[in-house]
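The values are calculated or read from the model by the stated rules, or taken from the named source; none is laboratory data. Remember, it's a predicted structure, so these values are computed and weren't measured experimentally. Cβ: placed from backbone, ideal geometry, glycine included. Neighbour counts: every protein chain shown. We work out accessible area using only protein heavy atoms, side chains counted, and drop any ligands, DNA or RNA first. Shrake-Rupley method; radii C 1.70, N 1.55, O 1.52, S 1.80 Å.
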Amino acid sequence: MHENQTSQAEEGRKETRKKTLPVGVEDFADFKRMNFYYVDKTMFIKELLENPGKVNLFTRPRRFGKTLNMSMLKYFLEIGTDKSLFDGLAISKETGLCECYLGQYPVISISLKTAHSGTFEQAVNQLCSIIGEEALRFRFLLDSKKLNEDEKKLYKQLIKVDTSNQGIYMMPEAVLTRSLKTLSMLLRKHYGKNVIILIDEYDVPLAKANERGYYEKMINVVRNMLDSALKTNENLYLAVMTGCLRISKESIFTGLNNLKVYTLLDTECDEQFGFTDAEVRQMLDYYGLSEYYNVTKEWYDGYRIANAYVYNPWDVINWCDQLRAAPGKRPKSYWKNSSGNEEVKRFIRRMGNGVTKAQIERLISGETVQKKIEEQLTYNTMYDNVENMWSLLFATGYLTQSEPSKGNLVRLKIPNSEVREIFSDFILELFEEQVAEDGTLVTEFCTALKNGDTSEVERVFTRGMGKTISVRDTAVRKEFKENFYHGLILGIMFYKGDWGVTSNRESGEGYYDIQIEIEEEGIGIIIEVKYAEDGKFDDACAEALDQINKNHYTAELREDDMQTILKYGIACYKKQCKVVLERE
């Protein structure tokens with residue numbers, strides 16, 4: 001092949017090579033340097049800088065792009081930045097704004113997401129390390145002719161490391177609480193310009209301290225650090241913070257009158273965290289995944305921030321990455337696996353204690369509830385009453401507004417199938433615990449099932465359903481309803497340890513719901529669960545048995561030499577069921 005032909009072939013390969021999906025990428029510079037796919041959110045810079053507060057706080061759920069946007073701000077504003085990072089992006093067309101801000105300010109940028117540990121002392125050490133490592137970026141201050149020796153001594157206090165443990169920065173609490181103000185003063189003197197301070201995930205140390213029992217100590221440290229940096233700091237040009245919650249002024253922002261807060265109810269910057277529908281369509285099209293648009297929307301869209309509807313970006317990126325590796329796979333909850341979901345667990349456990357089953361039933365079924373939302377919370381009181389818990393679920397993204405709010409009265413709903421599955425999973429988990437406490441339920445249900453006593457199976461399962469919520473006959477897809485009741489049956493069967501129970505496995509020409517083998521008695525059982533739309537139990541049961549027979553679900557049982565085979569069609573509607581049996 002001639003040289004020019006080789007070159008043309010190489011160019012062709014470059015054109016077809018897709019950018020890498022940025023799974024877990026939070027450094028803005030990596031998108032250009034490592035050729036990651038980037039959803040352009042640079043107009044966030046314009047929206048923020050054209051009408052900023054002195055101190056700006058953005059509250060958004062976890063995994064909604066807060067850290068990446070803060071990294072983008074740092075690269076845009078910081079003196080000495082690589083300005084080419086913004087070539088071709090939307091902000092590059094705002095020439096006047098770029099002249100004023102691009103690469104024009106000293107920037108202190110920290111993330112507090114790692115400032116948590118089992119003890120207060122360890123958490124403070126982590127805070128010291130975060131500040132110390134950021135201060136090390138400005139090591140040129142030691143040689144600055146603009147600073148005197150006393151000021152250089154102040155800088156050395158920020159970067160002093162314990163000689164016995166090189167990973168620990170030695171910073172007395174008095175130095176730590178003034179560290180951001182001290183560093184901003186030194187940078188202002190060196191550059192002759194006031195400083196921009198960026199603090200990502202400012203509330204993580206408080207959340208973790210509350211979980212681990214040292215909240216009061218930690219809030220004093222964080223309050224004093226933020227007070228000196230943001231409230232009485234003549235070296236500050238502006239500050240931007242992000243977090244999940246807006247912590248009440250009384251507990252952390254006392255006297256801070258220059259705070260501008262952008263919550264989930266505010267229209268400013270409402271599209272700048274999360275992906276819009278147009279951005280998701282463009283991503284799917286780029287990777288040749290447009291056929292998955294509807295399922296992507298059902299699972300990961302639905303978050304309403306003021307007037308904007310957005311998708312969870314963490315989910316969309318991971319979902320696209322999964323589809324590229326294994327087309328046709330079922331969507332799953334990526335967001336759930338990135339946190340312990342303690343908020344939902346505690347909320348569901350409050351059923352009957354301020355949270356009614358009817359309220360959860362309406363949410364699970366795609367309906368709404370109207371609640372008064374308190375936007376200023378404190379971590380040590382957020383579980384004290386049910387109203388706080390509704391506000392917490394809203395702030396953390398488990399619930400979203402279904403329509404424009406009326407002041408602090410918000411009509412809430414579950415945003416999408418992913419979050420609905422999270423609720424469902426914890427409801428089923430609670431149901432399993434209740435079943436374990438009721439020793440007779442498992443015995444009675446399994447005995448009736450084995451004996452082919454359909455009326456007794458109906459009676460016992462109906463009693464079991466009375467212990468938990470139901471699924472209303474609303475807009476939620478039939479597949480979800482069937483999976484929910486399927487899960488309830490499995491929750492009972494879980495405690496029958498001497499039976500071989502499998503679920504959603506391939507047999508014959510399809511995938512059965514539940515299969516049971518009682519080896520010592522040679523009994524095999526197939527269960528197909530259906531949701532009886534509008535209470536049409538007979539139709540649903542007939543459909544279940546037809547599916548078992550049509551797809552030969554009993555093939556595996558026959559191969560395993562089960563002498564007696566029982567085929568059950570179970571139809572469920574709200575808290576009622578009908579059971580039919582066919583023997584083979």
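The local environment of ILE168, defined by Cβ-Cβ distances under 12 Å, has a net charge of -2 under the rule Lys, Arg +1 and Asp, Glu -1.
Once both labels are modelled 7 Å past Cα along the beta-carbon direction, what's the ARG411-ASN220 spacing in nm? Taking the two extended label points, one gets 4.8 nm. Taking Cα atoms, how many degrees apart are the long axis of helix 313-325 and the longest axis of the chain, rounded to 10 and kept between 0 and 90? Tilt relative to the chain: about 60 degrees.
In segment 357-434, carbon and sulfur make up what percent of the accessible area (probe 1.4 Å)?
On the way: 1060 of 2580 Å².
With neighbouring chains kept in place, the figure for segment 357-434 is 41 percent.
Solvent-accessible area of THR20, all protein chains in place: 70 Å² (probe radius 1.4 Å, heavy atoms, ligands and nucleic acids excluded).
Couplings 3J(HN,Hα) of segment 137-146, computed from phi: 4, 10, 4, 4, 4, 5, 10, 5, 7, 7 Hz, in residue order, whole Hz [Karplus 6.51 cos²θ - 1.76 cosθ + 1.60, θ = phi - 60°; x for Gly and Pro]. Each principal axis of the Cα cloud of segment 140-232 was taken in turn, and the coordinate range along them, longest first, works out to 46, 35, 19 Å.
Taking amide H positions as modeled 1.01 Å from N, with prolines and chain starts lacking one, the residues under 5 Å from ALA532 and 5 or more places away or on another chain are CYS572, TYR573. Take every Cα pair under 8 Å in segment 192-254 that's 6+ residues apart, average their separations, divide by the length, and report that relative contact order as a whole percent. So the answer I get is 54 percent.
Each peptide among 170-182, 390-402 gets the average number of other Cβ atoms lying within 10 Å of its residues, and from highest to lowest they stand as 390-402, 170-182.
Ranking of HIS116, HIS552, HIS486 by solvent-accessible surface, largest first: HIS552, HIS116, HIS486 (1.4 Å probe, protein heavy atoms only, all chains present).
For the chain, what is the accessible area per residue in Å², given a 1.4 Å probe and the full set of protein chains? Walk me through the numbers on the way to the answer.
Values: 25100 Å² over 584 residues.
Result: 43 Å² of accessible area for each residue.
Between the helical axis of 417-437 and the longest alpha-carbon principal axis of the chain there is an angle of about 60 degrees. What is segment 350-394 by shape, rounded, prolate or oblate, if you read a ≥ b ≥ c off the alpha carbon gyration tensor as root eigenvalues and call it rounded for a/c under 1.5, prolate for a/b larger than b/c, and oblate otherwise? Oblate is the answer for segment 350-394, as a/c is 1.5 or above yet b/c matches or exceeds a/b.
Antiparallel versus total DSSP beta bridges in the chain: what percent is that, nearest 5?
Values: 31 of 64 bridges.
For the chain, the DSSP antiparallel bridge percentage is about 50.
From the largest down, the chain spans 92, 73, 54 angstrom on the principal axes of its Cα atoms.
Remark: C-alpha extents of segment 514-557 on the principal axes read 40, 18, 12 Å, sorted largest to smallest. Think of segment 127-225 as a dipole: +1 on every Lys or Arg Cβ, -1 on every Asp or Glu Cβ, centred on the Cα centre; then among GLY132, VAL221, LEU147, LEU147 lies furthest on the positive end. What the Cβ-Cβ distance of PHE494 and TYR286 gives, at R0 = 51 Å and to the nearest 0.05, is a FRET efficiency of 0.75. Close amide-amide hydrogen proximity is noted between VAL55 and ALA239, LYS260, each under 5 Å apart and 5 or more residues distant or on a separate chain (H modeled in the peptide plane; Pro and chain starts excluded).
Between Rg and the Kirkwood Rh of segment 224-268, both from Cα atoms, what is the Rg to Rh ratio? Working shown, then result.
Working: Rg = 11.3 Å, Rh = 11.8 Å.
Dividing the radius of gyration by the Kirkwood radius yields 0.96.
For the set ILE317, ILE527, the ranking by accessible area, highest first and with no ligand, DNA or RNA atoms included, is ILE317, ILE527 under a 1.4 Å probe. Working note: Cα gyration tensor of segment 200-248, eigenvalues times five, square-rooted, sorted largest first, giving semi-axes of 22, 13, 7 Å. Ordered by solvent-accessible area of protein heavy atoms (1.4 Å probe), largest first, the residues VAL161, VAL435 come out as VAL161, VAL435.
How big is the charge dipole of segment 325-381 about its Cα centre, in debye rounded to the nearest 20, if each Lys and Arg gets +1 on its Cβ and each Asp and Glu gets -1 on its Cβ? Let's see the in-between values first.
On the way: 12 positive and 6 negative charges, 65 e Å.
I would put it at about 320 debye.
Here the alpha carbons of segment 468-512 define both size measures, Rg and Dmax, at 13.1, 39 Å. With θ taken as phi - 60° and the Karplus curve 6.51 cos²θ - 1.76 cosθ + 1.60 applied, the whole-hertz 3J(HN,Hα) list for segment 470-482 is 10, 10, 6, 8, 10, 6, 5, 4, 4, 4, 5, 4, 5 Hz, x standing for glycine and proline. Which net charge results for the neighbourhood of PHE138, defined as the other residues with beta-carbon distances under 14 angstrom from its beta-carbon, given Lys and Arg at +1 and Asp and Glu at -1? It works out to a net charge of +4.
For segment 19-154, just say rounded, prolate or oblate: build the C-alpha gyration tensor, square-root its eigenvalues into a ≥ b ≥ c, call rounded for a/c under 1.5, and beyond that prolate if a/b exceeds b/c, oblate if not.
Values: a/c = 1.81, a/b = 1.25, b/c = 1.45.
Judged from the Cα gyration tensor, segment 19-154 comes out oblate (a/c at least 1.5, b/c at or above a/b).
Classify segment 365-479 as rounded, prolate or oblate from the Cα gyration tensor: take a ≥ b ≥ c as the square roots of its eigenvalues, call it rounded if a/c is under 1.5, otherwise prolate when a/b beats b/c and oblate if not. Could you put the intermediate results ahead of the total?
On the way: a/c = 3.49, a/b = 2.08, b/c = 1.67.
Prolate is the answer for segment 365-479, as a/c is 1.5 or above and a/b outweighs b/c.
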